[in-house]
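One structure is given here, and the rest of the page talks about it.
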Amino acid sequence: EINATSGKFSGVIEAREFVGDICGSKVMQGVSIRETNDERSTSTRYTDSATYQIGKTITVMANCERNGGSGAITVTININGQVKTAEVIPYTAGLPAMYQTVVFSVYTTSPVVDISVSLRVRGQYTTSASVWPLVMVSRSGNNFTN
């Protein structure tokens, strides 16, 4: 047990309960598609350093860009087997580039979390699209109420 009001500590402390919030993040490798009817994906793995299976919220923000063409793009976010698929950015004549963000969150106690984001372009005309995902892992010692 450590009790302190000031000073410095060097070493590792694992908290089962705490006051405040903790958040870590990673920008995943982006993917781009330059052809219609193509699909690409990017993935990462989060490994919790805690000894105990402490709950955490995994949030993926997939920032999408579509340029030209009339193809629709589909973004699929997979967080440890829980999946969200969204068709985004329908064609709008006259706009050279369009942007949209798809967000998906999952609460888990799993110490290892596999995350993947896939991008698919489909349509008649060549459409280029890109996605740059941001992953955030957060814990909180606070409570929410309705």
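Collect the residues in the stretch 32-62 that are within 14 Å of the chain's Cα centre (by Cα) and under 21 Å from L119 (Cβ atoms), keeping them in residue-number order. Give the derivation first.
Residues of the stretch 32-62 within 14 Å of the chain's Cα centre (by Cα): 41-46, 56-62.
Within the stretch 32-62, S41, T42, S43, T44, R45, Y46, I58, T59, V60, M61, A62 meet the criteria.
Where residues in the stretch 67-85 are not hydroxyl-bearing (S, T, Y) and not in a strand (DSSP E or B), which of them is surrounded by the most Cβ atoms within 10 Å (Cβ to Cβ)?
Initial filter on the stretch 67-85 (not hydroxyl-bearing (S, T, Y)): 67-69, 71-73, 75, 77-84.
In the following step, the residues that additionally are not in a strand (DSSP E or B) were identified as 68-69, 71, 80-81.
On the way: G68: 15, G69: 18, G71: 25, N80: 14, G81: 8.
So, considering only residues that are not hydroxyl-bearing (S, T, Y) and not in a strand (DSSP E or B), the one surrounded by the most Cβ atoms within 10 Å (Cβ to Cβ) is G71.
Here is a yes/no grid of residues against (1) more than 27 Å from N37 (Cα to Cα); (2) assigned to a strand (DSSP E or B); (3) at pLDDT 90 or above:
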{"position": "S49", "(1), (2), (3)": "yes, no, no"}
{"position": "T57", "(1), (2), (3)": "yes, yes, yes"}
{"position": "A62", "(1), (2), (3)": "no, yes, yes"}
{"position": "E65", "(1), (2), (3)": "no, yes, no"}
{"position": "A93", "(1), (2), (3)": "no, no, no"}
{"position": "V103", "(1), (2), (3)": "no, yes, yes"}
{"position": "S118", "(1), (2), (3)": "no, yes, yes"}
{"position": "P133", "(1), (2), (3)": "no, yes, yes"}
{"position": "S138", "(1), (2), (3)": "yes, yes, yes"}
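The values are calculated or read from the model by the stated rules, or taken from the named source; none is laboratory data. Quick caveat: nothing in here was measured; it's all calculated off a predicted structure. All Cβ positions, even for glycine, are placed from backbone atoms using ideal geometry, and neighbour counts span all protein chains on display.
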